[in-house]
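> Just passing along the structure, written as structure tokens.
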Amino acid sequence: MTRDRGNRAPHWVADYLTPWWPSVEPTPNGRPGRDLLGTPGVAWEIKTGAEWRPKAWTRQAEGYAAPGELPVLLYLPPGWGERAVGETLCIVRTRLLMPVLVGAGYAPPPQPPGCGQLVE
């Protein structure tokens, strides 16, 4: 994996996300922090490495998220480039994803412990 590809990837992702966030822009190379600016509510971390390091990458994304923001790790595997951004994989911790799914109507609200269990 080249450093050049890793530096270009945030530009590809920003271009892809523009219909949702018109003011999205990549963080300038070499500047610490999240990889994209202008995506209120979501802190994006973009990775292109050949070595799969989800724990470290997820911690990094979470470290850049402000309180109340959703940290998202977007992974462009080797061989995936600019035209494949819409097919990439995004990783979000399950405990953070479930409220999003409930809010979007894809999952019911959680039930209190013991509800819905069969009683004999």
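> Sequence-distant or interchain residues sharing an amide H contact under 5 Å with residue 36, placed H: which?
Here the answer is 27, 44, since their amide H atoms fall under 5 Å of that of residue 36.
> Okay, next question. Ordering 35, 15 by how much accessible area each has at a 1.4 Å probe, largest first, what is the list?
15, 35
> For region 56-120, what's the relative contact order in percent, using C-alpha pairs closer than 8 Å and at least 6 residues apart?
23 percent
> Further, regarding this structure: Can you give me the Kirkwood hydrodynamic radius for the chain, using every pair of distinct Cα atoms, in Å to one decimal?
Over the chain, the inverse of the mean reciprocal pair distance is 15.8 Å.
> While we're looking at this one, here's another question. Output ³J(HN,Hα) for region 101-111: one whole-Hz value per residue in order, computed from phi by the Karplus curve 6.51 cos²θ - 1.76 cosθ + 1.60 with θ = phi - 60°, and x for Gly and Pro.
5, 5, x, 8, x, 8, 9, x, x, x, 9
> Express the relative contact order of the chain as a whole percentage, based on alpha carbon pairs under 8 Å and six or more residues apart in sequence.
RCO, the chain: 19 percent.
> Could I ask something else about it? Counting only DSSP beta bridges with both residues in the chain, what percent are antiparallel, rounded to the nearest 5?
About 45 percent, rounded to the nearest 5.
> What order do 16, 75, 106, 64 take when sorted by accessible area (1.4 Å probe), most exposed first?
Listed by decreasing accessible area, they come as 106, 16, 64, 75.
> Quick check: with the 1.4 Å probe, what order do 91, 46 take by accessible area, largest first?
Correct descending sequence by accessible area is 91, 46.
> Note down the nm distance, to one decimal, between modelled labels 7 Å out along Cα→Cβ at residue 100 and at residue 84.
According to this spin-label approximation, the distance is 2.2 nm.
> With +1 assigned to the C-beta of every Lys and Arg and -1 to the C-beta of every Asp and Glu, and no other charges, what is the dipole magnitude of the chain about the Cα centre in debye, to the nearest 20?
320 debye
> Given the rule -39500 (n - 2.57) for each run of at least 4 DSSP H residues, summed and divided by the residues of the chain, what is its mean residue ellipticity at 222 nm, to the nearest 500 deg cm²/dmol?
So the calculated ellipticity at 222 nm is -9500 deg cm²/dmol.
> Over the heavy atoms of residue 17, what accessible area does a 1.4 Å probe trace out, to the nearest 10 Å²?
Surface accessible to solvent at residue 17 totals approximately 10 Å².
> Label-point separation (nm) for residue 20 and residue 93, each offset 7 Å from Cα along Cα-to-Cβ?
2.0 nm
> Under the Karplus relation 6.51 cos²θ - 1.76 cosθ + 1.60, θ = phi - 60°, what is the ordered set of whole-Hz ³J(HN,Hα) values for region 64-78, x standing for Gly and Pro?
Here the 3J(HN,Hα) series is 8, 7, 7, x, x, 8, 8, x, 10, 9, 9, 10, 9, x, x Hz.
> Using only alpha carbon pairs under 8 Å that are at least six residues apart, calculate the relative contact order of region 18-60 and give it in whole percent. Write down the numbers at each step before the final one.
Values: 34 pairs, mean separation 11.0, N = 43.
Value for region 18-60: 26 percent.
The values are calculated or read from the model by the stated rules, or taken from the named source; none is laboratory data. Note that the structure is predicted; figures quoted are calculated from it, not measured. Positions of Cβ are backbone-derived with ideal geometry, glycine not excepted, and every protein chain shown enters the neighbour counts. Just the protein is used for accessible areas: all its heavy atoms, side chains included, with ligands, DNA and RNA removed. Shrake-Rupley method; radii C 1.70, N 1.55, O 1.52, S 1.80 Å.
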